[in-house]
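Notes for the one structure printed next.
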Amino acid sequence: MTLAGLYIHIPFCRSRCSYCDFATGLYQGELAETYVRAVVKEIGSSQNAGARVDTIYFGGGTPSLLTPDQLDRILAKVHREFDVDSSSEITVEMNPGTVTHDQLRAFRSLGVNRASFGAQTFDDAELAKLGRSHTTADTFKTFHELRAAGFDNVSFDLIAGLPGQTLEGWQRNIEHSLALQPEHLSFYLLEVHSGTPLADHIRRGLQPVPDEDLAAVMYEWMIERATAASYEHYEISNLSKPGFGSRHNTKYWTGAPYYGFGCSAHSFDGHGRRWSNQRDVMQFVESIEQGASPIVDEQLLSPADLRAEALFLGMRMMRGVDLREYSELFGVDLRAEHRDDLDRFREAGLVEFDGDLIRLTRNGALMSNEVFAAFV
Ligand code: SF4
């Protein structure tokens, strides 16, 4: 049976990065405390209380800005309201320089067993351009503190395609990362969102336009280098040492249920109903304090939507989608229905077949949006 995952959004950061369009604001102690109380209350009134879960993910924002006591209160409420599997993966996103050794030990003793670590780049000039609040020295220091506190499942976030970033600079980033031997690597191509300071800098010519072709070369180089270093490329943007794929994120790609708490958190019941919360922190807190629902959007996916989603999310996983299982589940023979598209993609070297499995090739992973568009 597929168990559910829980996502808890912590919308506070030490400063605002120039490219960020997430639902997050500056950390203020009093607001964080009010927010934690609201999240605990929201968990207590969940429609899905009692569900069996085996992953809990604190994302943000910068959840590592929570005090151990605040994290403890949220986790204690989760354990009271949900049937939490004893082998659950419990992840906290952490930014370098935001946690002390004592705090990490306390998180670990509360059951946190995975750190998603926002390294982003090992170049101080690039960190400064991105408005990140840490330096490379902080990255090394916090990483060693994570290990000393007993974290043996650490994921690095890295961003490629930064304005002015060279292939050599990117290669140095990867070499620094591999030398530290994290269990997991998540890789993002920089997206420039309108309304962010970075978009404004680029528009005014203060920073160069990111080079998408170069970013594609960076992607291929990273996959090649990391797989040669025994990492498995298990999802378009994710690599891990064997057995360390993100169990929580895999739920998003495989149609498992997940329930989100906190502002802007999204949920899915595993059958076709999706819903999401207020994005604004204060409006979220006010809804909860007034006993109102923080849900602002709800969608019922049609069978066709569910089918398309199962395919394009499933194909993000490099193991591919089993077409026989797919046909049993949705009553559709994809090979017959999309014969022309599939032939075209196969000839172009974007997808490959292995028995009943269809999967993206490495080139296909780079052009996944084009492939997925054919099925939506
Ligand atoms: S740390 Fe992450 S969430 Fe916070 S401002 Fe930077 S990119 Fe946004």
Exercise for the section: Kindly check whether there is at least one residue in the range 133-146 that is part of a loop (DSSP other than H, G, I, E, B) and touching a Cys at 6+ places or on another chain (Cβ under 8 Å). Expected result: yes
Practice task
Taking only the range 1-35 into account, find how many residues are surrounded by 21 or more Cβ atoms within 10 Å (Cβ to Cβ) and away from the ligand (no atom under 16 Å from the Cβ).
Solution key: 3
Practice task
Would you be able to tell me the number of residues in the range 247-268 that are outside any helix (DSSP H, G or I) and either in contact (Cβ under 8 Å) with a residue 60 or more places away in the chain or in contact with a Gly (Cβ under 7 Å, 6 or more places away or on another chain) (or both)?
Solution key: 13
Exercise for the section: Check every one of the strands (runs of 3 or more DSSP E) wholly within the range 291-376 and list those with 1 or more residues that are hydroxyl-bearing (Ser, Thr, Tyr). Expected result: none
Completion exercise
Taking the range 85-143 and the residues there that are farther than 25 Å from SER240 by Cα and of a type in the set (A, V, I, L, M), the one that is farthest from the ligand (Cβ to nearest atom) would be ALA106
Handout entry: Answer residue from the range 147-161, given it is among the small types (Gly, Ala, Ser) and assigned to a loop (DSSP other than H, G, I, E, B) and is farthest from the ligand (Cβ to nearest atom) among those
Key = GLY150
Problem - Considering residues of the range 183-242 that are charged (D, E, K, R) and surrounded by 19 or more Cβ atoms within 10 Å (Cβ to Cβ) only, the residue farthest from ALA115 (Cα to Cα) - result: GLU235
Problem - Test result for GLY164, among the small types (Gly, Ala, Ser), more than 24 Å from ASN363 (Cβ to Cβ) and out of contact with any Pro (no Cβ under 7 Å at 6 or more places or on another chain) - result: no
Fill in the blank from the handout: So, first residue under 19 Å from GLY364 (Cα atoms) in the range 225-242, second residue at pLDDT below 95 and in a strand (DSSP E or B), Cβ within less than 7 Å, six or more apart or across chains; the pairs are SER237/PHE187; SER237/TYR188
Practice task
Take the range 36-67 and flag every residue that is away from the ligand (no atom under 16 Å from the Cβ), closer than 19 Å to SER267 by Cα and hydroxyl-bearing (Ser, Thr, Tyr).
Solution key: SER45, SER46, THR55
Completion exercise
Log entry, pairs with first residue in the range 297-310 being touching a residue at least 12 places away in the same chain (Cβ under 8 Å), second being in a loop (DSSP other than H, G, I, E, B) and aromatic (Phe, Trp, Tyr), beta carbons closer than 7 Å, six or more apart or on different chains, reads ALA308/PHE375
Practice task
May I ask you to list the residues in the range 330-376 that are farther than 23 Å from PHE187 by Cβ, without any contact (Cβ under 8 Å) to a residue 40 or more places away in the chain and of a type in the set (Val, Ile, Thr)?
Solution key: VAL332
Problem - Enumeration of residues in the range 173-201 that are within 20 Å of HIS233 (Cα to Cα), part of a helix (DSSP H, G or I) and either in contact with a Cys (Cβ under 8 Å, 6 or more places away or on another chain) or not aliphatic (A, V, I, L, M) (or both) - result: ASN173, GLU175, HIS176, SER177
Exercise for the section: Test LEU214 against the criterion of being in contact with a Ser or Thr (Cβ under 9 Å, 6 or more places away or on another chain), assigned to a strand (DSSP E or B), in contact (Cβ under 8 Å) with a residue 24 or more places away in the chain and not β-branched (Val, Ile, Thr), and give yes or no. Expected result: no
Problem - Answer residue from the range 178-211, given it is touching a residue at least 12 places away in the same chain (Cβ under 8 Å), out of contact with any Lys or Arg (no Cβ under 7 Å at 6 or more places or on another chain) and among the charged types (D, E, K, R) and is farthest from GLY245 (Cα to Cα) among those - result: ASP211
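The values are calculated or read from the model by the stated rules, or taken from the named source; none is laboratory data. Everything numeric here is computed off the predicted structure, so don't read it as measured data. Neighbour counts run over all protein chains shown; Cβ positions are idealised from the backbone, glycine included.
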